[in-house]
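A short worksheet on the structure shown next.
The values are calculated or read from the model by the stated rules, or taken from the named source; none is laboratory data. Because the structure is predicted, anything quoted here is derived from the model rather than measured. Positions of Cβ are backbone-derived with ideal geometry, glycine not excepted, and every protein chain shown enters the neighbour counts. Calculation scope for accessible area: heavy atoms of the full protein, side chains included, ligands and nucleic acids excluded. Shrake-Rupley method; radii C 1.70, N 1.55, O 1.52, S 1.80 Å.
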Amino acid sequence: MEKKAHILVVDDERAIADLVVNLLVAEGMDALACYSGQAALDMLARSPFDLAIVDIMMPGIDGFELCVRARQMMDIPVIFLSAKDEEADQVVGFTLGAEDYVTKPFRPRELVARVKARLRRRAAAAPPASSTLLTAGAIEVDLRTHLATLHGEPLQLTPKEFAILALLAQSPGSPVSAADLFEGAWHERFDDAAANTVMVHIRRLRKKLAAIDASTPFIETAWGVGYKLRGGPGAGLGHGA
């Protein structure tokens, strides 16, 4: 049986949030409404979601801030649903990493179609179920649950840090160039500024790994080439659920 998509709908206008939920449920999805940014963050901390539909103009934590904080917690596609149709707001939304931007009033069929399109794209990019667990010595990276551990201890990683670690864990012991890390994690063209961005993220990753085990330099610099994860017993690709 195919797993239902799990969608979070966030809008301080309850009537709109409930309407969107009902539309998605009628299309066979599992949707949940939250009426504030804080309630959405609390829900994201308790349960994983496949996609979030977020209003921008909310009191307290607005949609832009919610998008930033949600994507620090998990790699979740975000569709903004807003009455703000100025180009500048749309540019900000896409800059923050939103997948789509739908203006109010919206056509129900169009919104559902856009949600389905984003879910299809997400599914197409997902790795096969037989190769979702990467291991490199004491490091494990689960691509399905988006969880990385060291000695069984969870690593609190941003989406970009997780993506970099996953790319390194695909070939432990072998160097991966800064260009491959950047283009694989950011999906943008590599340039001189990108090299510094990768270096900063590698530094943060090393710090988080050292907070659990400072005895080993898990990420090594391959001078003139890139970076590599130390190999070790069990290094390589495992098989996860």
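Contact map, segment 221-232: residues that are under 13 Å from LEU168 (Cβ atoms) paired with residues that are acidic (Asp, Glu) and modelled with pLDDT of 90 or more, Cβ distance under 6 Å, separation 6+ or inter-chain. Pairs shown: LYS228/GLU220. Of all residues in segment 207-221, exactly one satisfies the criterion of being of a type in the set (Lys, Arg) and surrounded by 16 or more Cβ atoms within 10 Å (Cβ to Cβ), namely LYS208. In this structure, VAL54 does not satisfy being β-branched (Val, Ile, Thr), open to solvent by less than 70 Å² (accessible area, probe 1.4 Å) and at pLDDT below 90.
Every listed requirement among (1) closer than 26 Å to PRO217 by Cα; (2) at pLDDT 85 or above is met by THR145 save one, (2). Can you spot a residue in segment 21-37 that is farther than 23 Å from PRO108 by Cβ and either open to solvent by 10 Å² or more (accessible area, probe 1.4 Å) or among the charged types (D, E, K, R) (or both)? Yes, because at least one residue in segment 21-37 is farther than 23 Å from PRO108 by Cβ and either open to solvent by 10 Å² or more (accessible area, probe 1.4 Å) or among the charged types (D, E, K, R) (or both).
Could you give me the residue pairs with C-beta distances under 6 Å whose first residue belongs to segment 176-193 and is part of a helix (DSSP H, G or I), whose second residue is charged (D, E, K, R) and open to solvent by 40 Å² or more (accessible area, probe 1.4 Å) wherever it lies, and which are 6+ apart or on separate chains? These pairs meet every condition: ALA185/LYS160.
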